[in-house]
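Following: one structure in structure tokens, then a few remarks.
What follows draws every value from the coordinates through simple rules; no lab data is involved. Remember, it's a predicted structure, so these values are computed and weren't measured experimentally. Glycine also receives a Cβ, built like all others from the backbone with ideal geometry; neighbour counts cover every protein chain displayed.
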Amino acid sequence: MPKAYWIAHVTVTDPEPYALYAAGATEAFRKFNARVLARGGKCEQLEGDGHPRNVVIEFDTLDAALSCYNSPEYQAAKNHRLGAGIANIVIVEGAET
């Protein structure tokens, strides 16, 4: 079964509530055994519209990634992010190896 990846491109507009989001989201990711592969490091935008913060999180399965997103823990954290930034988030199933 292929892994899944949560990919987020974010512009933080209000750091204080966004920090509350990040703390709560991290707890949700732990609960679902997610592994952060990239988070806010240096990036080069090559095409299209970009955001200064880019995040890639690996999950064991697509179901685990979707369950994390829909979990009460993540949804509570997400409430802090609303109005504190602009986010584009996608969950994608990985390629079979």
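The table for this structure:
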| read-out | value |
| --- | --- |
| The chain: DSSP helices with Cα axial extent of at least 20 Å and average Kyte-Doolittle hydropathy no lower than -0.5 | 15-31 |
| Residue list for segment 73-97, given a label point 7 angstrom along the Cα-to-Cβ vector of Thr11 and an amide N cut-off under 19 Å | 81-90 |
| Total formal charge among the other residues, if their Cβ is under 9 angstrom from that of Ile57, Lys/Arg +1 and Asp/Glu -1 | +1 |
| Potential lengthening between Asn33 and Ile86 on full extension [0.36 nm per residue; Cα-Cα distance subtracted] | 16.5 nm |
| Residues of type lysines that Lys3 reaches as a straight line, Cα spacing below 18 Å, ignoring anything fewer than 8 places off in the same chain | Lys31 |
| DSSP-loop trypsin sites (Lys or Arg not before Pro) across the chain, with at most 11 other Cβ within 10 angstrom | Lys42 |
| Cut-off 13 Å, label 7 Å out along Cα→Cβ of Thr26, residues of segment 55-97 by amide N | none |
| Estimated distance in nm for a label pair at Leu46 and Ala95, the labels positioned 7 Å out from Cα along Cα-to-Cβ | 1.4 |
